[in-house]
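Participant: This is the structure, below, for whatever I ask next.
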Amino acid sequence: MRYIQLIFILLILNSSLFAKANLYIFVFKDGVAFKDTKIQVGEHISTTNEYGYTKFELQSDTYEISYFKDEKLFALSEANIVDDQDSQVFLNITNDKAEVELDLPLEAYDQDFKKVDIKKLEGPKGTIELK
């Protein structure tokens, strides 16, 4: 029995050490998909496809995201990745600037978000009439 418990504990520890989350990155130029953009997230490097999209599978940590075109860095952002929760980054490039929008899980933000409990409605039921 102890042997089974030890195996179970090792499996739980192993899965928590290697839990990963997906980071989806979308790059647009004036609202149109921008392909062949080299993106570096930490030590991981990928290139956007014809839809301006690429994906990274990462462990929980804070990552610096670098965007390159023609081997020149043109934008930089940072994202906090939380295990088992997918995140998205949208980069829109215009002639004036590069604008980054993060769509991360609530746990990735430093703010304190309040959750509202939804209560079950109680009381007498009525009749709805439509004309």
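The values are calculated or read from the model by the stated rules, or taken from the named source; none is laboratory data. Just so we're clear, the structure is a prediction, and the values are computed from it rather than from any experiment. Every residue, glycine among them, receives a Cβ derived from its backbone with ideal geometry; neighbour counts consider all protein chains shown. Note: accessible area is taken over every heavy atom of the protein model, side chains too, but ligands, DNA and RNA are not part of it. Shrake-Rupley method; radii C 1.70, N 1.55, O 1.52, S 1.80 Å.
Participant: Can you compute the modelled spin-label distance between ILE45 and LYS20, with each label point 7 Å from Cα toward Cβ, in nm?
Facilitator: 1.9 nm
Participant: Please state the shape class of the range 48-100: rounded when a/c is under 1.5, otherwise prolate if a/b exceeds b/c and oblate if not, all from the C-alpha gyration tensor.
Facilitator: On the way: a/c = 2.03, a/b = 1.73, b/c = 1.17.
Since a/c reaches 1.5 and a/b is larger than b/c, the shape of the range 48-100 is classed as prolate.
Participant: Would you rank PHE74, PHE56 by solvent-accessible area, highest first, keeping every protein chain in place and using a 1.4 Å probe?
Facilitator: PHE74, PHE56
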